[in-house]
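A short write-up of the structure that comes next.
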Ligand SMILES: C[S@@+](CC[C@H](N)C(=O)[O-])C[C@H]1O[C@@H](n2cnc3c(N)ncnc32)[C@H](O)[C@@H]1O
């Protein structure tokens with residue numbers, strides 16, 4: 001691919017021309033700033049787990065081994081049910097924007113449904129912090145599109161940059177945003193900021209949440225429910241993926257303990273939290289900065305928030321979204337909502 005001075009690359013994907021834009025939020029300086037600010041608060045910037053090609057590959061292995069979407073047909077079914085309902089009502093020219101699209105599998109299902117329904121997606125923009133994942137998802141969705149796909153390699157926290165770029169194009173188009181698999185990893189306030197920056201009243205949102213599989217919304221039931229889903233995280237592939245960050249950063253295994261998988265609670269919201277302890281004092285070298293890590297400090301390496309279905313829907317409504325549809329797996333571990341502002 002050829003890259004020009006404005007951070008845009010042009011290339012060919014299966015004989016189609018594609019364009020990849022690179023946000024300044026992915027510049028080494030911006031990445032570093034975010035990483036340092038998270039580390040100072042005792043955490044790891046979640047997008048750091050997906051940045052290198054090796055990490056994207058390791059995450060793909062986690063996804064293939066443990067993501068119920070691939071192994072349990074009812075997970076796939078909820079997406080397909082919602083997408084076909086959505087497609088039936090979508091007769092307008094549309095632009096699909098896959099936020100944190102990963103491998104783009106769900107965007108592919110959506111684009112296929114729309115094409116089958118005679119309302120094919122006109123344009124697709126893959127948006128992810130990982131260039132490799134953007135490329136994989138453009139390839140997946142390509143056969144179902146009217147126009148060639150494009151991609152934005154961006155940290156979604158810089159969503160205003162994406163919004164400006166989109167608005168330089170066709171402002172009258174209807175934008176369909178997907179937001180799958182991101183709700184567990186981002187603080188609710190961050191999710192809201194991203195969605196409010198991007199969504200206009202004529203746009204549509206398809207958003208998934210990983211859930212604490214409760215039947216009744218009680219504290220005890222919620223705690224039990226999160227315990228039940230812990231093995232989806234406490235496994236070899238996930239440990240390997242999350243530990244890769246330390247290898248990539250040149251941090252010896254002697255400095256950081258093995259990963260601990262626990263249940264955390266933050267403002268009523270339970271999470272699976274992966275923590276590690278610092279085993280000896282050391283300086284974490286980040287570019288020209290050195291952050292001093294003290295023996296005994298605990299680091300939050302990863303966090304997966306598990307909403308209850310009721311709480312998630314109430315949160316959407318309280319923040320100005322109208323829910324137009326919802327599908328939930330029979331075991332209530334995952335839900336997908338269709339909403340608009
Ligand atoms: C759990 S995966 C979900 C992927 C896909 N949407 C799915 O449901 O299969 C999260 C995806 O979001 C991307 N991601 C995480 N944090 C991000 C951020 N701050 N900005 C942009 N992409 C991000 C990751 O690279 C990864 O592809």
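Once R0 is set to 41 Å, what does the formula 1/(1 + (r/R0)^6) return for the Cβ-Cβ distance between residue 341 and residue 295, expressed as a FRET efficiency to the nearest 0.05? With a Förster radius of 41 Å, E is 0.30. Between the C-alpha center of the stretch 24-98 and that of the stretch 296-341 there is a gap of 15 Å.
With both labels modelled 7 Å from their Cα along Cα-to-Cβ, the residue 163 to residue 230 distance reads 4.0 nm. Kirkwood-type hydrodynamic radius, the stretch 219-305: 14.2 Å, calculated from all non-identical alpha-carbon pairs.
The antiparallel fraction among DSSP beta bridges confined to the chain stands at about 60%. For the listed peptides 271-281, 146-156, a ranking on the average number of other beta carbons within 10 Å per residue, highest first, reads 146-156, 271-281.
So between residue 65 and residue 117, what do we pick up on full extension, going 0.36 nm a residue minus the alpha carbon distance?
On the way: separation 52, 0.36 × 52 = 18.72 nm, distance 3.19 nm.
Taking residue 65 through residue 117 to full extension adds about 15.5 nm, to one decimal.
Take the Cβ atoms of residue 190 and residue 280, set R0 to 35 Å, and the FRET efficiency comes out at 0.60.
Dividing the helix sum by the residues of the chain, where each DSSP H run of 4 or more adds -39500 (n - 2.57), gives a mean residue ellipticity at 222 nm of -11000 deg cm²/dmol. With the simple model of a label 7 Å out from the Cα in the direction of the Cβ, residue 247 to residue 147 spans 4.1 nm.
Report the calculated FRET efficiency for residue 314 and residue 41 (r = Cβ-Cβ distance, R0 = 45 Å), to the nearest 0.05.
0.95
Which whole-number percentage describes the relative contact order of the chain, with Cα contacts under 8 Å and a sequence gap of 6 or more? Mind dumping the intermediate values first?
Values: 646 pairs, mean separation 61.7, N = 341.
Relative contact order for the chain comes out at 18 percent.
Computed packing ranks the peptides 212-221, 320-329, 122-131 as 122-131, 320-329, 212-221, most packed first, by mean other Cβ atoms within 10 Å. For the chain, the calculated P(r) over all alpha carbon pairs, in 20 Å bins from 0 to the bin holding the longest distance, is 30, 59, 11, 0 percent. Note on 32, 195: ascending count of other Cβ atoms within 10 Å places them as 32, 195, the fewest first.
Which distance in Å, rounded to a whole number, links the C-alpha centroids of the stretch 216-290 and the stretch 138-199? Using only Cα atoms to place each centre, the spacing works out to 28 Å. Distance between the modelled labels on residue 217 and residue 29, one decimal in nanometres: 4.6 nm (7 Å Cα→Cβ projection).
None of the figures in this text is laboratory data; all of them are computed from the coordinates on show. Since the model is a prediction, treat every value here as computed from it, not as a measurement. Note: ideal-geometry Cβ built from the backbone for every residue, glycine included; neighbour counts use all protein chains shown.
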